[in-house]
Amino acid sequence: MTGSRRHRVPSALVGAALVVFLAAIPTGAQSANQPSVSSRRDSPLRITVDMAHQVVKTGDSIEFETLVTNGGAKGSPSMVLAMNIVNLGSGDPVDPEDWSPERTQSIDLLAPGESSTNPWVVDAILDGDYMVYITVIPAPESAGTTSQPVTSSGIHLSVAKFIRLNPNGVLPIAIAMPVGLMLCMFGLRWIRRRRYGESDLAEE
């Protein structure tokens, strides 16, 4: 019995070591597929918007500003600011080219603690509920790296449908034409009266 127990102890140790080794293999493979700590760290760039919501009518223009700040200890790379608009009713994206004269803007670089203010204009084309937000996209350091975009808080636009009574300046023309015709008629009558006298007009 004593001899058999002596043989069992090393076998148990070998079996336990094998289990630990096999369990360590998938753990190492999973860690290799996870992003590194540096790629998950927060970006030093911050962006704020001076507007949270707006109730407008179709045809109105909305003006707001974004403030991009470099809160890091070193200078930032160049970056692109891109406007995004989403229809909250359908969930579909809206083409900003139809809504704004500037879809994107760029910033060369920001020193530590430096900020950049960028103005934006949005024209309310269609009625509905929309969310407008700006995404800051820093340039990657090299072809083999990537960067972390930073998104601003959203601006909720509630756009009501508005039918203009004077589309494209038609109302003044519509009023001026009949008034002009009436003045022409009175003018012609006055000229005729001066030329032929009151008697001719009375005979008529």
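Read the figures in this text as sums done on the coordinates, not as results from a lab. Keep in mind that this is a model prediction, so the values were computed, not measured. Cβ atoms come from the backbone with ideal geometry, glycine included; neighbour counts cover every protein chain shown.
By counting other Cβ atoms within 10 Å of each Cβ, how are PHE64, PHE186 ranked from fewest to most? Before the final figure, lay out each step's value.
Values: PHE64 17, PHE186 10.
Fewest-to-most Cβ neighbours within 10 Å comes out as PHE186, PHE64.
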| said: Just want the ordering: MET182, MET51, from fewest to most Cβ atoms lying within 10 Å of their own Cβ. | reply: MET182, MET51
| request: Treat each spin label as a single point 7 Å out from the Cα along the C-beta direction, and report the ALA139 to LYS57 distance in nm. | output: 4.6
| task | Neighbouring Cβ atoms within 10 Å as the yardstick, rank VAL122, VAL80 fewest first. | result | VAL80, VAL122
| field | Euclidean distance between Cα centres, region 94-153 to region 42-73, Å | value | 9
| request: Could you list the square roots of 5 times each eigenvalue of the Cα gyration tensor of region 41-160, that is, the equivalent ellipsoid semi-axes, sorted largest first and rounded to whole Å? | output: 29, 14, 12
